[in-house]
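The values are calculated or read from the model by the stated rules, or taken from the named source; none is laboratory data. What you see is a predicted model, and the numbers here were worked out from it, not measured in a lab. Cβ placement follows ideal geometry from the backbone for every residue including glycine, while neighbour counts extend to all protein chains displayed.
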Amino acid sequence: MSPKESNKEWRPQTNLVRGGTIRSEFAETNEAIFSTSGYIYNSAQQAQRAFKNQEDRYIYSRFTNPTVGMFEERMRLLEKTSSCRATATGMAAVWASLASLLKSGDRLVTSKALFGSCHVVCSEFLPKFGVECVMVDGTDLNEWERVLSKPTQAVFMETPSNPQMDLIDIKAVCLLAHKVGAKVVVDNVFATPILQKPIELGADIVVYSATKHIDGQGRTMGGVILTNDIEYSNGSLLQFLRHTGPALSPFNAWILLKGLETLELRMAQHCKNAREIAKFLTTQSGLSEVIYPGLKSHPQYELCKKQMSDAGGMVCFKVEGGIKRAFKIMNAFKLINISNNLGDAKTLATHPASTTHQRLSQRERNEVGITDRLVRLSVGLEDVEDIKEDLEQALSA
Ligand SMILES: Cc1ncc(COP(=O)(O)O)c(C=O)c1O
């Protein structure tokens, strides 16, 4: 196998296309799918050396695999970290990142506005193992300051949050967290690695659901954990991943490698379309609110400009009336599909209160603005005029 085709001097878009590529003896152009669970040793002694970490080689695809390794290396170059570990799903990345940081008796502080499953992991699963979980209004720095006044081992946040796009000042929260010894984990799914760089803003660990914009075409699940903390990555995280087994499959890693090649180009178009859809929605009657961090009406418009290079591909709106009107509009879509996924080339609509966030109590949902009136759009790559026309006819249904 030829050495890795990765060069520190390449610019980001070149790394997205070529970073991390390894070629077999067949000199293939396209990255190969190494569909193998195991690897052959020349001798029993070599196998022994491999298991003692005395030889750097592939051992078993639960640990890593050449195609998965290429994806990890390309993501690492994109995020400019010293380590990247891939997982089978975004939730596996969230769970592994936190479970390998925390132990019984530790304290975790999170923002309240989290994706439904992240909320369940932090508020139900981790407390079952003796971790105290304190949730704050992520937009309120005073609350972060108050809660981060005692020893804390981890902070977990999502910014922009799913679905209603609250923004958190990553730099300010990292400063507070580090003072009390906490490591900061940022779920950067809505922003993507193109639009926001949490590590540069002070975060210790970044996680992604690669299922979303990184694949970008609704084909596969995947997750990523990135960090500069080598002790954590090569220590508790590596042990957790190796022994609990949330490994990414080589085929899915290959799809994600292909997704990365066009990520920057797609994000530019997602942002352009989303901005136009958000502006268009503000001209429509029957809506009480349009939420997009790139609109001046967004309460954290200034923070968005400060910590993101663009406002992303997600737009939310609140309908006048209740769940009946929200459902009526969604059922009237002819082009836009109803789906709880996001980050796809196709425009998708979700009603978070009845789907992704239905496990939260009504009180918990209300606290973060996920009411029955909220509809989330993942704006796709279709011609924006077709998306507008579909919204217009559905809103007047
Ligand atoms: C913010 C956020 N984090 C994590 C996840 C989980 O990702 P996955 O579905 O790949 O497990 C999602 C999924 O929608 C998400 O939106």
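Please pick out the residue among PHE63, PHE34 that is assigned to a loop (DSSP other than H, G, I, E, B), over 21 Å from TYR232 (Cα atoms) and either in contact (Cβ under 8 Å) with a residue 24 or more places away in the chain or among the small types (Gly, Ala, Ser) (or both).
Selected residue: PHE34, the only one of PHE63, PHE34 that is assigned to a loop (DSSP other than H, G, I, E, B), over 21 Å from TYR232 (Cα atoms) and either in contact (Cβ under 8 Å) with a residue 24 or more places away in the chain or among the small types (Gly, Ala, Ser) (or both).
Checking the conditions here, which among LEU360, LEU342, LEU374, LEU303 is under 27 Å from GLY259 (Cβ atoms) and either within 16 Å of the ligand (Cβ to nearest atom) or outside the structural domain of MET135 (by TED's automatic domain parsing) (or both)?
On inspection, the qualifying residue turns out to be LEU342.
Mind checking whether some residue in the range 181-200 is of a type in the set (Phe, Trp, Tyr), within 21 Å of ALA113 (Cβ to Cβ) and at pLDDT 95 or above?
yes
Can you run down the residue pairs with Cβ atoms below 7 Å, 6 or more apart or on separate chains, where the first is in the range 137-156 and among the charged types (D, E, K, R) and the partner is surrounded by 13 or more Cβ atoms within 10 Å (Cβ to Cβ) and in a loop (DSSP other than H, G, I, E, B)?
Correct list of pairs: ASP137/LYS112; GLU143/ASP137; LYS150/VAL180.
Looking only at the range 364-386, count how many residues are out of contact with any Cys (no Cβ under 8 Å at 6 or more places or on another chain) and under 17 Å from SER285 (Cα atoms).
Residues flagged as out of contact with any Cys (no Cβ under 8 Å at 6 or more places or on another chain) and under 17 Å from SER285 (Cα atoms) within the range 364-386 amount to 1.
Residues to consider are SER6, SER61; find the one that is at pLDDT below 95, among the small types (Gly, Ala, Ser) and within 29 Å of the chain's Cα centre (by Cα).
Going through SER6, SER61 in turn, the sole match is SER6.
Just one of ALA326, ALA353, ALA394 is of a type in the set (A, V, I, L, M), within 26 Å of the chain's Cα centre (by Cα) and either away from the ligand (no atom under 15 Å from the Cβ) or at pLDDT 95 or above (or both); which is it?
None of the other options fit; the residue is ALA353.
Which residue is farthest from the ligand (Cβ to nearest atom), if the candidates are limited to the range 107-130 and must be over 23 Å from MET165 (Cβ atoms) and surrounded by fewer than 18 Cβ atoms within 10 Å (Cβ to Cβ)?
The selected residue is GLY130.
Using beta carbons and a limit of 9 Å, which pairs, at least six apart or on different chains, have the first residue in the range 175-200 and in contact (Cβ under 8 Å) with a residue 60 or more places away in the chain and outside any helix (DSSP H, G or I) and the second one within 16 Å of the ligand (Cβ to nearest atom) and aromatic (Phe, Trp, Tyr)?
Correct list of pairs: VAL185/PHE156; ASP187/PHE115; ASP187/PHE156; ASP187/TYR208; VAL189/PHE115; VAL189/TYR208; GLN196/PHE190.
Given (1) within 22 Å of GLY20 (Cα to Cα); (2) crowded, with 18+ Cβ neighbours inside 10 Å, identify the lone condition not met by VAL290.
Every condition holds for VAL290 apart from (1).
Please indicate, with yes or no, whether at least one residue in the range 53-60 is touching a strand residue (DSSP E or B) at 6+ places or on another chain (Cβ under 7 Å) and either of a type outside the set (Val, Ile, Thr) or not assigned by TED's automatic domain parsing to the domain that holds ASP187 (or both).
Yes, there is a match, as at least one residue in the range 53-60 is touching a strand residue (DSSP E or B) at 6+ places or on another chain (Cβ under 7 Å) and either of a type outside the set (Val, Ile, Thr) or not assigned by TED's automatic domain parsing to the domain that holds ASP187 (or both).
Taking the range 324-339, which residues are surrounded by 15 or more Cβ atoms within 10 Å (Cβ to Cβ) and not small (Gly, Ala, Ser)?
Residues satisfying the conditions are ARG325, PHE327, ILE329, MET330, PHE333, LEU335, ILE336, ASN337.
Condition check ((1) within 16 Å of the ligand (Cβ to nearest atom); (2) buried (at least 19 other Cβ atoms within 10 Å of the Cβ); (3) under 17 Å from HIS243 (Cβ atoms)) across all residues:
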residue: ILE59; (1), (2), (3): no, no, yes
residue: THR64; (1), (2), (3): no, yes, yes
residue: GLU73; (1), (2), (3): no, yes, no
residue: LYS80; (1), (2), (3): no, no, no
residue: ALA86; (1), (2), (3): yes, yes, yes
residue: GLY90; (1), (2), (3): yes, yes, no
residue: VAL94; (1), (2), (3): yes, yes, no
residue: LEU98; (1), (2), (3): yes, yes, yes
residue: GLY105; (1), (2), (3): no, no, no
